[in-house]
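Just below is one structure, and these are the notes that go with it.
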Amino acid sequence: MAKDRGLRINIASSASRGLSLVVSNIAEGQGRNSKGEFTQFLGNAQSSLLEVETQFLIAERLKYVDAKSMEHLNQKVDRVSRLLNGLMQSQKVKRPELRDLNEKQKTRNEKPV
């Protein structure tokens, strides 16, 4: 019984630590000097979120979390993941010279009608 309690505490602690890392990485990335650095920290936040999701899955498999609570947790993780992905996409720099190069390649690859 004590071993089971210790495992529950460890899972809860790991999930809590992971959640605080998600927020901390976003904050630290926001304070950086470039979009690239910010994006890197958003990636770190995404990785931490995956760790949290893993802790939730472990808790579910060990029957520490009921199905309804797990569904709620999965929805929250999915929402945060989509927000992080959106932020990462918004940070992508579209360099004009690459856009021009892509347009030239498209024109070259088009077949005359």
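All of the numbers you see were taken from the coordinates with simple rules; none came from a lab. What you are looking at is a predicted structure, and each value in this text was computed from that prediction instead of being measured. Please note: Cβ atoms are built from the backbone with ideal geometry, for glycine as well, and neighbour counts cover all protein chains shown.
Neighbours of PHE38, meaning other residues whose beta-carbon lies under 15 angstrom from its beta-carbon, give a summed charge of +1 when Lys and Arg score +1 and Asp and Glu score -1. Put simply, when 26-37, 10-21 are sorted by average Cβ atoms within 10 angstrom per residue, most first, you get 10-21, 26-37.
For ASN74, the shell of other residues with beta-carbons less than 10 Å away shows a net charge of -2, using +1 for Lys and Arg and -1 for Asp and Glu.
Here the Karplus relation 6.51 cos²θ - 1.76 cosθ + 1.60, evaluated at θ = phi - 60°, turns the backbone of segment 16-33 into coupling constants of 5, 4, x, 5, 5, 5, 4, 5, 5, 5, 4, 5, 5, x, 4, x, 7, 8 Hz, with x for every Gly and Pro. Count the net charge of all other residues whose Cβ sits under 11 Å from the Cβ of GLY18, scoring Lys and Arg as +1 and Asp and Glu as -1. With Lys, Arg at +1 and Asp, Glu at -1, the net is -1. Phi-derived couplings, Karplus 6.51 cos²θ - 1.76 cosθ + 1.60 at θ = phi - 60°, listed residue by residue for segment 78-89: 4, 5, 5, 4, 5, 5, 5, 4, x, 4, 5, 5 Hz, with x used for Gly and Pro. With each label modelled as a point 7 angstrom along the Cα→C-beta vector, the ARG61-SER90 pair spans 3.6 nm.
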